[in-house]
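A short write-up of the structure that comes next.
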Number of protein chains: 2
Amino acid sequence: MKIIVIGAAGAIGQAAVAELSSRHEIVTAGRSSGDIRVDLADDASIEAMYAETGPVEAVICAAGEVSFGRLAEMTGEKYLYSMKNKVLTQINLVLKGLSVVSDGGSFTLTSGILDRDPVRGGSGAATTNGALGGFVKAAAIDMPRGLRINVVSPGLLEVSADRYGAIFPGHDPVSSRRVGLAYAKCVEGGLTGQVVTVD
Amino acid sequence: MKIIVIGAAGAIGQAAVAELSSRHEIVTAGRSSGDIRVDLADDASIEAMYAETGPVEAVICAAGEVSFGRLAEMTGEKYLYSMKNKVLTQINLVLKGLSVVSDGGSFTLTSGILDRDPVRGGSGAATTNGALGGFVKAAAIDMPRGLRINVVSPGLLEVSADRYGAIFPGHDPVSSRRVGLAYAKCVEGGLTGQVVTVD
């Protein structure tokens, strides 16, 4: 298959690429690196990316940004930022890709563990993760041409534990190998409308 | 208890008021009716509402708007509209209310069934419902002074079935009595961080 991986330079994107690259043609994309530069906040940039790749069998998105902060420090603007930069970005990638992904192909989005195993200060992330879970569940029954859609929801990655572990007390980091397998399950398997957790 | 019910004129708000009004002092609020007029999209309007009520023991929100449409007809703007008018509105109500609700008091928000039992055209609603579930799960462990937060997620109400039933094929409508009980469970019980479903 020809597969676009957006956010391929991040820890999660790298895990997906490592698992899939030996069996598939991977086109990497990202805001500041990759075969194609794309800004998911810009519809025209998404359209330009798809114009450059042409038809693909699968789209993986492992890009997104959220605001962290204790509830008392949060503002509506911080939640809006999180929803725009982790949820709407991925939804727009799907909407613009509906005519680009081949019959029976798939979209695989990325959320995270914090809506089922929360941490203090993580309500912005939890809100976006829950939103993505709801989106794929409903979008799956609205897809044309047998297209599938799922979201991978990984825990803290082992490779990210030094950097982020302090805000995830008691969380058991997951291996990049298992995260990569979750993307393989979504792309190569038959699931649709699922939140594929890696805990 | 003194309880604010926002969206008290709607079918869900009426169900909450019917269950709770015999035991509590209810202050109704809404955009176009109720004891207090409030626009949840306007921070100043929310602050004015809380200034008028003074301290309360519970806040119930049964107000929200989403865009419906098949995926191929949806746009990023429609998802953003849904997130602003069903998620951010309720989050702002919580953020502004953190200093108003008494020690041990509660917030009870409202989502809906479409993220767990989707219908075609319902991905905007499903996205917002999932977001609210993630939000309350994480916000619950970030709350000051023993405040609690939950979200009631009702199915299609019997009283709304004539109007909306056609877009919910096969859904078994729920009684207003059971919906009202869910709000009582959240307000009078001890739950926090829960999605209280009424199916």
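What are the distances, in nm and sorted shortest first, from the label point of A:Tyr164 to the label points of the same position in each other copy, with each label point placed 7 Å from Cα along the Cα-to-Cβ direction?
3.4
So who's got an amide H within less than 5 Å of the one on B:Leu157, skipping anything under 5 residues away but keeping other chains? H placed 1.01 Å off N, in plane.
B:Val174
Report the per residue volume, in Å³, of the convex hull enclosing the C-alpha atoms of the protein assembly as shown.
In the protein assembly as shown, the Cα convex hull volume per residue is 126 Å³.
Only four residue types carry charge here, +1 at the Cβ of Lys and Arg and -1 at the Cβ of Asp and Glu. Report the dipole size of the range A:7-130 about the Cα centre in Debye, rounded to the nearest 20.
Charge dipole, the range A:7-130, about its Cα centre: 460 debye, nearest 20.
Counting helices only, and only those DSSP H runs with n ≥ 4, report the 222 nm mean residue ellipticity of chain A as the sum of -39,500 (n - 2.57) divided by its residues, in deg cm²/dmol to the nearest 500. Before the final figure, lay out the partial values.
Working: 7 runs with 71 residues, N = 199.
Taken over chain A, the calculation gives -10500 deg cm²/dmol.
Once Lys and Arg get +1 and Asp and Glu get -1 on their Cβ, which of B:Gly76, B:Thr28, B:Gly170 lies farthest toward the positive end of the dipole of the range B:2-198?
Final value for the positive-end residue is B:Gly170.
Provide, in order from the shortest bin, the percent of all Cα-Cα pairs of the range A:29-104 in each 5 Å bin, continuing until the bin that contains the maximum pair distance.
3, 15, 24, 22, 14, 9, 7, 4, 2, 0
Compute the whole-percent fraction of alpha carbon pairs in the range A:2-198 spaced more than 27 Å apart.
It works out to 23 percent of all Cα pairs.
Size of the dipole of the range B:78-187 about the Cα centre, Lys and Arg at +1 and Asp and Glu at -1 on the beta carbon, nothing else charged, in debye to 20? Mind dumping the intermediate values first?
Numbers: 13 positive and 7 negative charges, 38 e Å.
Once rounded to the nearest 20, the dipole reads 180 debye.
Run through the DSSP bridge list for chain A and note the antiparallel percent, rounded to the nearest 5.
0 percent
For B:Thr127, A:Thr192, give me the order by solvent-accessible area with a 1.4 Å probe, most accessible first, ignoring ligands, DNA and RNA.
In descending accessible area the options line up as A:Thr192, B:Thr127.
Could you sort A:Val119, A:Val66 by accessible area so the largest value comes first, with the probe set to 1.4 Å? Mind dumping the intermediate values first?
On the way: A:Val119 10, A:Val66 40 Å².
Largest accessible area first, the list is A:Val66, A:Val119.
In nm, one decimal, shortest first: how far is the label point of B:Glu73 (7 Å from Cα along Cα to beta carbon) from the matching points in the other copies?
4.4
Can you tell me the dipole magnitude for the protein assembly as shown around its Cα centre, using point charges on the Cβ only (Lys, Arg +1; Asp, Glu -1), in Debye to the nearest 20?
Charge dipole of the protein assembly as shown: 380 debye, to the nearest 20.
For B:Lys78, which lysines qualify as cross-link partners when the Cα separation must be under 24 Å and same-chain residues fewer than eight apart are set aside?
Hits, sequence-local ones excluded: A:Lys78, A:Lys84, A:Lys86, A:Lys96, A:Lys137, B:Lys86.
Roll a 1.4 angstrom probe over the protein heavy atoms and tell me the percent of accessible area of chain B that is carbon or sulfur. Intermediate results must be reported in sequence, preceding the final value.
Details: 3780 of 7700 Å².
Here carbon and sulfur together make up 49 percent of the probe-accessible area.
From the label point of A:Gly54, set 7 Å from Cα along Cα→Cβ, how far away are the matching label points in the other copies, in nm, ordered shortest to longest?
Output for A:Gly54: 7.3 nm, nearest copy listed first.
Connecting C-alpha atoms closer than 10 Å in a GNM of chain A, tell me which of A:Ile167, A:Ile149, A:Ile36 has the biggest fluctuation.
A:Ile167
The values are calculated or read from the model by the stated rules, or taken from the named source; none is laboratory data. As the structure is a computational prediction, the values presented were derived from the model and not from experiment. We place every Cβ from the backbone using ideal geometry, glycine too, and count neighbours over all the protein chains shown. Heavy atoms of the whole protein, side chains included, go into the accessibility calculation; ligands, DNA and RNA do not. Shrake-Rupley method; radii C 1.70, N 1.55, O 1.52, S 1.80 Å.
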